[in-house]
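Nothing in this text is a laboratory measurement; each read-out follows from the coordinates by a stated rule. Small disclaimer: the values here were computed from a predicted structure and weren't measured. Because the Cβ atoms are built from the backbone with ideal geometry, glycine has one as well, and the counts that use them run over all protein chains shown.
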Amino acid sequence: MNAAEVVNALLVQRFGVALADVTDETPLRTLRIDSLALEELRVLIEDQLDIDLEEVPLTPRDTVGRLVAAVNGMVPA
């Protein structure tokens, strides 16, 4: 799975977000991802992709696209 697939799958399966609502431009807060949920999402992504996102500044105001880009930047080629 690539970063976008992992993020989308987690948003849908673990956070109950409708797949139709997930676009690159959608702010995470619009999907009801608050700071606590974002931290949980971060940990789930780290576990699935075996990466460390600790140094990546993310907030609920960031978009799904920004999150995916941040994850892509951490995934080894």
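The string of couplings for the range 33-46 from the Karplus curve (6.51, -1.76, 1.60, θ = phi - 60°) is 9, 8, 4, 5, 5, 5, 5, 4, 4, 4, 5, 4, 5, 4 Hz, one whole number per residue in order, with x for Gly and Pro. Farthest toward the positive end of the dipole of the range 3-74, out of PRO27, MET74, VAL6, is the Cα of PRO27, where the dipole comes from beta carbon charges about the Cα centre. Close amide H partners of THR63, meaning residues 5 or more places away or on another chain with modelled amide H under 5 Å apart, are LEU28. Site pair ASP47 and SER35 shows an inter-label distance of 2.3 nm when each label is modelled 7 Å from Cα along Cα→Cβ.
Spatially, the range 51-77 and the range 1-42 are offset by 12 Å when compared through their Cα centroids.
Taken one residue at a time, the phi angles of the range 57-73 give Karplus couplings (6.51, -1.76, 1.60, θ = phi - 60°) of x, 10, 9, x, 6, 5, 8, 4, x, 5, 4, 4, 4, 5, 5, 4, x Hz. Gly and Pro are set to x.
Summary: within the chain, the longest segment free of GluC sites (Glu not before Pro) located in DSSP loops with at most 12 other C-beta atoms within 10 Å is 26-53.
Of the trypsin sites (Lys or Arg not before Pro) found in the range 40-77, those in coil by DSSP whose Cβ has at most 16 other Cβ atoms within 10 Å are ARG61. Summing charges over neighbours of VAL6, with a neighbour being any other residue whose Cβ is under 13 Å away from its Cβ, gives -2 when K and R count +1 and D and E count -1. Across the range 25-31, rounded Karplus estimates of 3J(HN,Hα) from the backbone phi angles (6.51 cos²θ - 1.76 cosθ + 1.60, θ = phi - 60°) give 8, 6, x, 4, 5, 5, 8 Hz, Gly and Pro being marked x. Shape of the range 3-74 from the C-alpha gyration tensor: rounded (a/c under 1.5, with a ≥ b ≥ c the square roots of its eigenvalues).
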